[in-house]
Number of protein chains: 2
Amino acid sequence: MPRSGEGRVLSIQSHVSFGYVGGKAAVFPLQCLGYDVDVVNTVNLSNHTGYGRWGGTRATASELDGIFESMEQNGLLLPNRLLTGYIPGAEALSAVMSVAKKLRDRNPELLYLLDPVIGDSGKMYVAPDVVPIYRTALQNATIITPNWFEVEVLTDVKILDITSLRRAIQILHDEYRVPNIVISSIPLRDWLRNILPLHIRPPSDSPDQDFLLCISSTTFGPGAESSQPSSVYAQHVPCLPGYFSGVGDLFSALVLAHFEPSGSSASPAESPLSHAVSQALTKTHGILSLTHEYSESLPEEDRLPTDEEKDASAPDRKIRRMRGRELRLVQGQDIIRGTEHIEYRQMEPWTGFWES
Amino acid sequence: MPRSGEGRVLSIQSHVSFGYVGGKAAVFPLQCLGYDVDVVNTVNLSNHTGYGRWGGTRATASELDGIFESMEQNGLLLPNRLLTGYIPGAEALSAVMSVAKKLRDRNPELLYLLDPVIGDSGKMYVAPDVVPIYRTALQNATIITPNWFEVEVLTDVKILDITSLRRAIQILHDEYRVPNIVISSIPLRDWLRNILPLHIRPPSDSPDQDFLLCISSTTFGPGAESSQPSSVYAQHVPCLPGYFSGVGDLFSALVLAHFEPSGSSASPAESPLSHAVSQALTKTHGILSLTHEYSESLPEEDRLPTDEEKDASAPDRKIRRMRGRELRLVQGQDIIRGTEHIEYRQMEPWTGFWES
């Protein structure tokens, strides 16, 4: 975390008036952790689109350019960290990525976390023409935080086993030149559970509990002697029932906030990336648990389970559920600040990941 | 301050990517104090206009309507507090004021702090046609926070002595039906200093120090027996050199955050309004002192004093100064949260205010 006044993040993502996704999920946590945050809104909507109905507008590429150009002219493009998230449409994405490139060219020390928001669980929620733009832009990133579906789309590798998982990670490191990869959540299916080292596997006495796996991978710097392509860490977290929006945006912001390349805050068993991811995993899960607890405390009509047929015929059903599942960021701010202690979810070295 | 999850503020004001004015000065403090904040941006600019150059766009009335209508349809217009600040142009202001009226009609308990942002120190920075709209809207407000110039414009009374000051306050209470008025800052000139009760007067051993006076006035509820029109409190604060932007926006947010109509957090010597204003004055001055200290620590070329002639011929001069004077909100968040203790600036009863 920054010493007083040292950390300045430029955050470029969506804005919603009500609720916590995009910038609304990222900016407050970064501020709580001591960062000045410059906030550029790629959309201005009433609420996230999962509600089914929303109002507001998307910023055009030329509106975004107008903001970036004035910041540049005024000498206000001075972040030492950059965070980009959901950017709808290829033109706006190109505008943002050219700012990212400019900042990277100007400052090799820039820490850029690029969250390639493309889709989830097999569904794309951006236009297909953004994918090649992301592929070209990856080389400017310090860290990327795709989910498993986004890894598949970016690398064109279907992740079905350890071989394809290795190949996908290697493509991101080698072809796209990304030094730090965090695959934020992969459903822990049997094939994956069975190849995990014992110390990372969930306890076997919880067969009914679903888990997600988080994997991080860092290439060894040039000159480092290693027979392996990267250093890999992983950890599982219990999967909470139902869908919560903005979780990935919160997680990415926390990874960026806690990443210290010098590794000063990491313990000997941690790498700078694994430390940041452990912090992000711990705090994100803490906020999610708080949100889950709250949504469970609501009257029944505010927590009707997902049922696409019933939702379609009664939109209010979905809206009430969404409203009750907005992240409890404000109520959980002591978790974010680290002053409320909760179970620490430490990323563990996945020794043997690269050995067949 | 809200018990967990009880406080929800709808904040409608400007957004700037860099720096702290409007929503950027208000939202983070409200969140730190435990409020969920719904954020509607009336403008999306790169930086505040005091820099002389800026990019971005203003939301049209129909864009704002689109956001409000979707929030309404989705049942997301549920604030128990409302905060409105800078809204450029009469059409956008009308759109916002009709939402304010709707929320007020629906919920008589709504706490609405209306900051009638019109201008400062004799200069208007909105179009003249917004003034009548504000005049009509004042009746929906719980609290207003004009500076002395805005009081003059709204009431058409030039404040030159105690008689005109009384008249202006009485017009706001009686004609415009505002129960709580906070005149956030009046330069403490001799005429004003001389009519202050001794316990509110600045020490006489500081003749070179300029002060600002903050005045609050609350009408007695219907049925209360009082021979006086209102209960008046005041306090002075030392004036820091130079101009800081966003101070009024921060102050208003803090007044709203700390206002508890039941008065549960106020001591016997305080009213609910005077308590909220004392907190806001204390914390705003704390943040300002921190900002002043920081700007003094910058290299000389970043803190050249205001000189309109030199500024006009070298715009970078002004920009560097502005940049170094952005509020240190993130660095001062413990002041906002009340965990860092600083000198308490308590509003004191101005006994005799109404007696000639």
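Pick from B:VAL99, B:VAL21, B:VAL16: which is at pLDDT 95 or above and within 11 Å of chain A (Cβ to nearest Cβ)?
Answer to the selection: B:VAL16.
So which residues in segment B:65-75 are touching a helix residue (DSSP H, G or I) at 6+ places or on another chain (Cβ under 7 Å) and either hydrophobic (A, V, I, L, M, F, W, C) or closer than 17 Å to A:GLY324 by Cβ (or both)?
Selection gives B:PHE68, B:ASN74, B:GLY75.
Please return the ranges of helices (runs of 4 or more DSSP H) entirely within segment B:261-351 where 1 or more residues are in contact (Cβ under 8 Å) with a residue 12 or more places away in the chain and not charged (D, E, K, R).
It comes to B:272-296, B:315-324, B:333-337.
Six or more apart or on different chains, Cβ under 7 Å: which pairs go from a residue in segment B:85-105 that's hydroxyl-bearing (Ser, Thr, Tyr) to one that's outside any helix (DSSP H, G or I)? Could you list them?
Partner pairs satisfying both residue conditions: B:TYR86/B:GLN13; B:TYR86/B:SER14; B:TYR86/B:GLY22; B:TYR86/B:THR42; B:TYR86/B:VAL117.
I need the full set of residues from segment B:123-180 which are of a type in the set (Lys, Arg) and in a loop (DSSP other than H, G, I, E, B), in order please.
Those that are of a type in the set (Lys, Arg) and in a loop (DSSP other than H, G, I, E, B): B:LYS158, B:ARG177.
I'd like the full set of residues that are touching a helix residue (DSSP H, G or I) at 6+ places or on another chain (Cβ under 9 Å) and farther than 21 Å from A:LEU160 by Cα, limited to segment A:177-211.
Selection gives A:ARG177, A:VAL178, A:PRO179, A:ASN180.
Among the residues of segment A:34-43, write down those that are surrounded by fewer than 24 Cβ atoms within 10 Å (Cβ to Cβ) and more than 7 Å from chain B (Cβ to nearest Cβ).
A:VAL43 - this is the single residue of segment A:34-43 that is surrounded by fewer than 24 Cβ atoms within 10 Å (Cβ to Cβ) and more than 7 Å from chain B (Cβ to nearest Cβ).
Does any residue of segment A:50-69 turn out to be under 20 Å from the mean Cα position of the chain (by Cα) and either modelled with pLDDT under 95 or facing another protein chain (nearest Cβ under 7 Å) (or both)?
Yes, the conditions are met somewhere in segment A:50-69.
Looking only at segment A:28-41, count every residue that is farther than 13 Å from B:ASN41 by Cβ and either touching a strand residue (DSSP E or B) at 6+ places or on another chain (Cβ under 7 Å) or modelled with pLDDT under 95 (or both) and tell me the total.
Qualifying residue count, segment A:28-41: 6.
Are there any pairs, at least 6 apart or on different chains, whose C-beta atoms fall under 9 Å, with the first in segment A:240-251 and under 22 Å from A:ILE87 (Cβ atoms) and the second open to solvent by 40 Å² or more (accessible area, probe 1.4 Å) and among the aromatic types (Phe, Trp, Tyr), and if so, which?
A:ASP249/A:TYR86
Pairs please, first residue from segment B:209-228 and on the phi > 0 side of the Ramachandran plot, second anywhere and among the aliphatic types (A, V, I, L, M) and at pLDDT 95 or above, Cβ atoms under 9 Å, 6+ apart in sequence or on different chains.
none
Give the number of residues within segment B:267-297 that are closer than 23 Å to B:GLU340 by Cβ and open to solvent by 30 Å² or more (accessible area, probe 1.4 Å).
Qualifying residue count for the region: 9.
Inside segment B:221-260, can you point out the residues that are in a strand (DSSP E or B), of a type in the set (A, V, I, L, M, F, W, C) and farther than 23 Å from B:GLU355 by Cβ?
B:VAL237 - this is the single residue of segment B:221-260 that is in a strand (DSSP E or B), of a type in the set (A, V, I, L, M, F, W, C) and farther than 23 Å from B:GLU355 by Cβ.
The values are calculated or read from the model by the stated rules, or taken from the named source; none is laboratory data. Because the structure is a prediction, the values reported are computed rather than measured. Cβ atoms come from the backbone with ideal geometry, glycine included; neighbour counts cover every protein chain shown. Quick note on the areas: whole protein, heavy atoms, side chains included, nothing else; ligands and nucleic acids left out. Shrake-Rupley method; radii C 1.70, N 1.55, O 1.52, S 1.80 Å.
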